[in-house]
Amino acid sequence: MKKLTVVLMAVSLLTGFAFAGGKKDASSGKLIVGFAQIGQESGWRGAETNSIMFYAGQNLDTIQLHFADAQQKQENQIKAVRSFIQMGVDVIGLAPVVETGWETVLKEAKDAGIPVIFVDRMAKVSDDLYATFIGSDFIDEGMKAAKEMARLLGDNGNVVMLEGTVGASAAIDRQKGFLDEMAKHPNIKIIARQSGDFTRAKGKEVMESFLKSYSKIDGVYADNDDMVLGAIEAIKEAGKKPGTEIKTVSVDGVKGVFEAMVAGEANVTVECNPLLGPQFFDAAKRLKAGEKLPKWIKSEEGVFRRETAAKDIGSRQY
Ligand code: GZL
């Protein structure tokens, strides 16, 4: 924790959105980066933020990081990108909270000659408005989740879906992958779908309403682990057994879902790697050096099940 405290002190933090930084000190020769983060909505997001700040804190002699927490508001992310442009940073990192609404500010960055890296989520813009996307194949994650759910249900049963933030690429593409694969399993019925905004609290609230509305729920799929952890609370409060009576499949691979699997209350998590700090700064350094990057730097990830969770949990980094 001490290391992280040092990092936080060393990184210019912008919360809410009031920007503190002045013009960059180009004479320092450092790589000067602005990162517009979504917020702190999930354990996964916190792990990603830690990865970025920790890497910057370990490289203070060569990296200057300006970090903005947009509190899940697109307008705050746009303000942060504009402030980074005004500062004249070398590279901008952005985790777009939703896919749309970015053209204007990204054209401003392009006109200022500042490359933009999309980190962990994509935006619907033309290829000339961003340098690369560092992140997962969300469609593949959704397909993996559906295959696991079909296996757990013996290819038959009723499933409810807890969906991520409306409009977010991670939510849209995971659902596409999940539903496309589920279409191959006609005896599995998707009986309800609703957004839990990637948060534990909202995931619990939505699952409570599903449990009141449907007498037979055999499985719950969630676009992230935090929502399924909320759903597990709701299932237990309704007097049912998560992990046995109602199977769970979710995405991220955070420590909390491994603890639930060890307790027998969750069944599967599809990993989505948040430890993107090293890849992000490597890409930023290469862009500053004038290198051209591939449009997608894909994260590699696995699938983790209840049966091996007690062995796996010791090596989890987030
Ligand atoms: C995935 C990331 C998602 C996580 C959620 O790359 O964008 O956002 O799956 C987080 O936990 O809120």
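The values are calculated or read from the model by the stated rules, or taken from the named source; none is laboratory data. Note that the structure is predicted; figures quoted are calculated from it, not measured. All Cβ positions, glycine included, derive from the backbone under ideal geometry; neighbour counts span all protein chains shown.
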Restricting attention to segment 250-265, which residues are within 15 Å of the ligand (Cβ to nearest atom) and part of a loop (DSSP other than H, G, I, E, B)?
Gly253, Val254
Quick one: in segment 266-282, of everything that is away from the ligand (no atom under 16 Å from the Cβ) and crowded, with 20+ Cβ neighbours inside 10 Å, which residue is nearest to the chain's Cα centre (by Cα)?
Phe281
Looking at (1) within 16 Å of the ligand (Cβ to nearest atom); (2) among the aliphatic types (A, V, I, L, M); (3) assigned by TED's automatic domain parsing to the domain that holds Gly230; (4) not in a loop (DSSP other than H, G, I, E, B), which one does Ala150 not meet, given that it meets all the others?
(1)
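So, of the residues in segment 119-147 that are β-branched (Val, Ile, Thr) and farther than 21 Å from Gln279 by Cα, which turns out to be farthest from the ligand (Cβ to nearest atom)?
Our first condition is that a residue be β-branched (Val, Ile, Thr); within segment 119-147, this holds for 119, 125, 132, 134, 139.
Subsequent filtering for residues that are farther than 21 Å from Gln279 by Cα retains 125, 139.
On the way: Val125: 17, Ile139: 13 Å.
Among those residues, the one meeting the criterion is Val125.
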Leading residue by the ranking (nearest to Tyr130 (Cα to Cα)) among those in segment 49-98 that are buried (at least 24 other Cβ atoms within 10 Å of the Cβ) and under 14 Å from the mean Cα position of the chain (by Cα):
Leu94
Give the residue that is nearest to Lys247 (Cα to Cα), with candidates limited to residues of segment 195-210 that are buried (at least 20 other Cβ atoms within 10 Å of the Cβ) and among the aliphatic types (A, V, I, L, M).
Met207
Scanning segment 153-170 residue by residue, those within 15 Å of the ligand (Cβ to nearest atom) and buried (at least 21 other Cβ atoms within 10 Å of the Cβ) turn out to be Met161, Leu162, Glu163, Gly164, Thr165, Ala168, Ser169, Ala170
Leu162: assigned by TED's automatic domain parsing to the domain that holds Val254, within 23 Å of Glu259 (Cβ to Cβ) and assigned to a strand (DSSP E or B), yes or no?
yes
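Mind checking whether some residue in segment 214-237 is more than 15 Å from the ligand (Cβ to nearest atom) and hydroxyl-bearing (Ser, Thr, Tyr)?
Within segment 214-237, the subset more than 15 Å from the ligand (Cβ to nearest atom) is 214-220, 232-237.
Pick out the ones that are also hydroxyl-bearing (Ser, Thr, Tyr) and you get 214-215.
Yes, that holds for at least one residue.
Are any residues in segment 238-249 more than 16 Å from the ligand (Cβ to nearest atom), β-branched (Val, Ile, Thr) and in contact with a helix residue (DSSP H, G or I) (Cβ under 9 Å, 6 or more places away or on another chain), and if so, which ones? First the steps, then the outcome.
To start, the set of residues in segment 238-249 that are more than 16 Å from the ligand (Cβ to nearest atom) comprises 238-247.
Then drop every residue that is not β-branched (Val, Ile, Thr), which leaves 244, 246.
Of everything in segment 238-249, just one residue is more than 16 Å from the ligand (Cβ to nearest atom), β-branched (Val, Ile, Thr) and in contact with a helix residue (DSSP H, G or I) (Cβ under 9 Å, 6 or more places away or on another chain), namely Ile246.
May I ask you to verify whether Gly203 is assigned to a loop (DSSP other than H, G, I, E, B) and small (Gly, Ala, Ser)? Explain how you work it out, then say what you get.
Working: assigned to a loop (DSSP other than H, G, I, E, B): no; small (Gly, Ala, Ser): yes.
Against the criterion (assigned to a loop (DSSP other than H, G, I, E, B) and small (Gly, Ala, Ser)), Gly203 does not qualify.
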Cβ-Cβ under 8 Å pairs, at least 6 apart or on other chains, segment 93-121 side at positive phi, far side at pLDDT 95 or above and assigned to a helix (DSSP H, G or I):
Gly101/Gln74; Gly101/Ile78; Asp120/Glu48; Asp120/Ala170
Can you pull out every residue in segment 125-140 that is part of a helix (DSSP H, G or I) and surrounded by fewer than 23 Cβ atoms within 10 Å (Cβ to Cβ)?
Asp127, Asp128, Leu129, Ile139, Asp140
Scan segment 264-287 and report the pairs whose first residue is touching a residue at least 60 places away in the same chain (Cβ under 8 Å) and more than 21 Å from Val116 (Cα to Cα) and whose second residue is of a type in the set (A, V, I, L, M) and within 12 Å of the ligand (Cβ to nearest atom), with Cβ atoms within less than 6 Å and a gap of 6+ or a chain change.
Val270/Ala145; Val270/Val251; Cys272/Val251
Subset of segment 72-124 (residues that are among the acidic types (Asp, Glu), closer than 13 Å to Ala36 by Cβ and part of a loop (DSSP other than H, G, I, E, B)):
Asp120
Suppose we filter segment 173-194 for residues that are buried (at least 16 other Cβ atoms within 10 Å of the Cβ) and within 16 Å of the ligand (Cβ to nearest atom); how many remain?
5
